[in-house]
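**Q** I'd like to ask you about the structure that follows.
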Amino acid sequence: MHRHHREDAHDHSLEGLREALTAGFWDERYSGSERVWSGRPNQRLVEQVADLTPGTALDVACGEGADAIWLAKQGWKVTAVDVSQVALSRVATHAEDEGVADRVRIGFYDALDDPRPAGRRTFDLVTVSFLHVPVEDFDDVYRGVAAAVRPGGRLLVTAHHPHDVESGARHDHGPGLLFEPERVLTTLGVDQPGSPWEVEVADTAERVQETADGPLHVRDTVVRLRRRAR
């Protein structure tokens, strides 16, 4: 899991939510620990990429790079982007250690400064896992991310589902930060006439997350779209 808010973050103002997406916030967090995330690839990524032919991939909000490294090992040429230079340094080191440095490149991405994660470059697969942004910024950020998918390519979005707050599985990080598949579909105008998107998956999936207090049943939003070829 990558760009979501800390369990102890209580500032739910728009300014506070945006602050929790900045380089300073995440550099400080990564600098405070040798490893923040598990080092294992996102389960939903592994499931959803299994039937795809490796090509070029963009991992948005890549964190410490577990997803990017896993993709590279499957044969993908990966660009991994994040707001934290500390995290990106770990991605580069991890790629070198795992023998896939020639298949992984890193880049800086500040979603609130410029929602396009790779300029005008496009990819066969764009994956974004647990990038939870304020409702006010959601459309711009996710349309920017989706713009990086080339014709015939896929967009994969994984997020925490709001049900986890209702069930008590997660704290309420702020109004509207967690979202259902429908928000992605609406933002990208999937049902609009002439939409370039074909829906391959739009689902809520359950999994067991291991925690210090034992197994925790959680739900994920999973959306996989294919951009129709021109």
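The values are calculated or read from the model by the stated rules, or taken from the named source; none is laboratory data. In this text, all values refer to a predicted model and were calculated from it rather than measured experimentally. Positions of Cβ are backbone-derived with ideal geometry, glycine not excepted, and every protein chain shown enters the neighbour counts. Ligands, DNA and RNA are excluded from the accessible area calculation, which covers all protein heavy atoms including side chains. Shrake-Rupley method; radii C 1.70, N 1.55, O 1.52, S 1.80 Å.
**Q** In what order, largest first, do Thr204, Thr186 sit by accessible area if the probe radius is 1.4 Å?
**A** Listed by decreasing accessible area, they come as Thr186, Thr204.
**Q** How big is the dipole moment of the chain about its Cα centre under a simple scheme where the beta carbon of each Lys and Arg is +1, that of each Asp and Glu is -1, and everything else is neutral? Debye, nearest 20, please.
**A** Around 1160 debye, computed over the chain.
**Q** At a 1.4 Å probe radius, carbon and sulfur cover how many percent of the accessible area of the chain?
**A** So the carbon and sulfur contribution to the accessible surface is 45 percent.
**Q** Could you point to the label whose value was computed as Cα extents along the principal axes in Å for the structure here, given (1) 46, 43, 35; (2) 54, 47, 46; (3) 71, 50, 35?
**A** Answer label, from the structure shown: (1).
**Q** HN-Hα J couplings of the range 97-102 from phi, Karplus 6.51/-1.76/1.60, θ = phi - 60°, integer Hz, Gly and Pro as x?
**A** Couplings: 4, 8, x, 10, 4, 6 Hz.
**Q** A further question follows. Take the alpha carbon atoms of the range 41-60, find their center, do the same for the range 183-202, and report the distance between the two centers in whole angstrom.
**A** Centre-to-centre distance over Cα atoms comes out at 20 Å.
**Q** Using modelled amide H (1.01 Å from N, peptide plane; none on Pro or chain starts), what sits under 5 Å from the amide H of Gly153, excluding residues fewer than 5 places away?
**A** Arg227
**Q** Each residue of the range 218-224 in order: what ³J(HN,Hα) in whole Hz does its phi give by Karplus 6.51 cos²θ - 1.76 cosθ + 1.60, θ = phi - 60°, with x for Gly and Pro?
**A** Couplings: 10, 10, 10, 7, 10, 10, 10 Hz.
**Q** Next question, about the same structure. Please work out the average accessible area per residue across the range 121-230, using the 1.4 Å probe convention, and give it in Å².
**A** On a per-residue basis, the range 121-230 sits at 45 Å².
**Q** Whose amide H sits under 5 Å from the amide H of Phe179, counting only residues 5 or more places off or on another chain, with H placed in the peptide plane?
**A** His160
**Q** For the range 61-136, which trypsin sites (Lys or Arg not before Pro) pass both filters: DSSP loop (anything but H, G, I, E, B) and at most 15 other C-beta atoms within 10 Å?
**A** Counting only loop positions with at most 15 other Cβ atoms within 10 Å, the trypsin sites (Lys or Arg not before Pro) in the range 61-136 are Arg120, Arg121.
**Q** List every residue whose amide H lies under 5 Å from the amide H of Asn42, counting only residues 5 or more places away in sequence or on a different chain, with H placed 1.01 Å from N in the peptide plane.
**A** Hits under the 5 Å cutoff: Asp67.
**Q** Still on this structure: Can you work out the Karplus-derived ³J(HN,Hα) for every residue in the range 111-125? Use 6.51 cos²θ - 1.76 cosθ + 1.60 with θ = phi - 60°, whole Hz, and x for glycine or proline.
**A** 4, 7, 7, 8, x, 7, x, 8, x, 9, 5, 10, 9, 6, 9
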